1. Looking only at residues in region 95-145 that are of a type in the set (Asp, Glu) and part of a helix (DSSP H, G or I), which one is farthest from the ligand (Cβ to nearest atom)?
2. Could you go through region 69-87 and let me know if any residue there is among the β-branched types (Val, Ile, Thr) and modelled with pLDDT of 90 or more.
3. Ser119: out of contact with any helix residue (DSSP H, G or I) (no Cβ under 9 Å at 6 or more places or on another chain) and surrounded by 11 or more Cβ atoms within 10 Å (Cβ to Cβ), yes or no?
4. One residue is enough: does region 47-57 have a residue meeting the conditions at pLDDT below 90, within 16 Å of the ligand (Cβ to nearest atom), touching a Lys or Arg at 6+ places or on another chain (Cβ under 9 Å) and not polar (S, T, N, Q)?
Amino acid sequence: MVITLIFILLAVGILAFAIITQPFYEVSLPETNSNNPVQDELPATIYTQHLNWLYDLDIELAAGKISAQDYQAQKKLLDIEIEKFKEQVSRQEKIVESSNELEIEGLISDRKLERVERSVGFCTQCGMPLQRSDLFCPACGLKLK
Ligand SMILES: [Zn+2]
């Protein structure tokens, strides 16, 4: 009888534990997938915040609330943070730029490939693939017909 009671209590305890901890499992799952939106927004927010702090610092100095020494120390820290932010942004811009360049190069090579696939012959002067409608070679300008 006592053993049965212990078993029931144990079962209820395990069930309660599972129910209580369940939200933690659910919360920890989608975190691996959520990447961009928040991260894209965050640096700009931090940057604005730093600029605001810098502005406040100027006001406090002007009002005599902080010493020039404190002002310099805090300003230096903020400047470092702002520089870090600018570096981060320019790095991100470079990544976007280079990926755009790759995309354009991809389009160009696709276009060239398309021309080769549809070509009906090659220019006798430069070897450029020619299309049926070409009157002149698109590369060297040789008259074809
Ligand atoms: Zn040609």
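The values are calculated or read from the model by the stated rules, or taken from the named source; none is laboratory data. These numbers were taken from a predicted model, which means no experiment stands behind them. Using ideal geometry, Cβ is built from the backbone for each residue, glycine included, and neighbour counts are taken over all protein chains shown.
1. Only one residue fits best here, namely Glu97.
2. Our first condition is that a residue be among the β-branched types (Val, Ile, Thr); within region 69-87, this holds for 80, 82.
Remaining after also requiring modelled with pLDDT of 90 or more: none.
No, region 69-87 has no match at all.
3. So Ser119 fits the description; yes.
4. No - not one qualifying residue is present in region 47-57.
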